[in-house]
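Nothing in this text is a laboratory measurement; each read-out follows from the coordinates by a stated rule. Only a predicted model underlies this, so the values are computations on that prediction, with no experimental measurement involved. When we count neighbours, we look across all protein chains shown, and the Cβ atoms used for this are built from the backbone with ideal geometry, even at glycine.
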Amino acid sequence: MPNSEAIRELVAACVGQVGAPVTALRKIVETHGHIEDEHVSIVADVFNLSLADVRGIVSFYADFRTSPRGRKHIRICQAEACQSVGSRALTKEMTEALGIALGETSEDHAVSLEGVYCLGLCASGPCAMVNERILVHATREELLT
Ligand code: FES
């Protein structure tokens, strides 16, 4: 995992690019897996932004996680079309089966659960992703295997 100096160098390398703070935060997620408070401070310092500005960017984008993902990262679509065919019930089943809520990671970092808002397969819901694999007509059993 990169240390603070490595994160600062990575962020500084983005100066001058279009959308540089977003690019820097994306690179932090790519290299570190998630964004910590210290990283927010580094981005704010390098781009002369307030902490609130950077936290606003982080909170806007779902992929800018502030906690580590599980080795198995499950995302369940929460948008309307998938809701109409059971994604809320599927989410409830999964939170009960895993013992974690949406947005949480198990203590052993084996699994994390997150909501996502439309995967572009609305006619085939409920849709979900396990790591980078998309599932249509997703079931509890598929998500747990
Ligand atoms: S609403 Fe779930 S994939 Fe579009």
Open item on the list: Using helices alone, I'd like the mean residue ellipticity at 222 nm for the chain: each DSSP H run of four-plus residues gives -39500 (n - 2.57), total over residue count, nearest 500.
Closed with: -12500 deg cm²/dmol
Task: Relative contact order of the stretch 72-144, defined on C-alpha pairs under 8 angstrom at six or more residues apart (%) - done: 41
TODO: Take each uninterrupted DSSP H stretch in the chain, measure its Cα extent along the helix axis, and return the ones at 15 Å or beyond whose mean Kyte-Doolittle hydropathy is at least 0.0.
DONE: 20-32, 37-47
- [ ] With an 8 Å cut-off on Cα pairs and a minimum separation of 6 or more residues, tell me the relative contact order of the stretch 5-145 in percent.
- [x] 20
Task: For the stretch 4-60, alpha-carbon Rg over 2.2 N^0.38 Å - done: 0.96
- [ ] Take the alpha carbon atoms of the stretch 126-140, find their center, do the same for the stretch 1-56, and report the distance between the two centers in whole angstrom.
- [x] 31
TODO: Return a whole-number percent for the relative contact order of the stretch 4-60, with Cα pairs under 8 Å and 6 or more residues apart as the contact set.
DONE: 34
TODO: Would you please state the base-10 log of I(q)/I(0) at q = 0.20 1/Å for the chain, with intensities from the Debye formula using one equal scatterer on every alpha carbon?
DONE: -1.08
Open item on the list: I need the fraction of alpha carbon pairs in the stretch 63-139 separated by more than 18 Å, rounded to a whole percent.
Closed with: 33
- [ ] Can you tell me the dipole magnitude for the stretch 15-145 around its Cα centre, using point charges on the Cβ only (Lys, Arg +1; Asp, Glu -1), in Debye to the nearest 20?
- [x] 320
Task: Selection from His34, Thr95, Leu119, by position along the positive dipole direction of the chain (Cβ) - done: Leu119
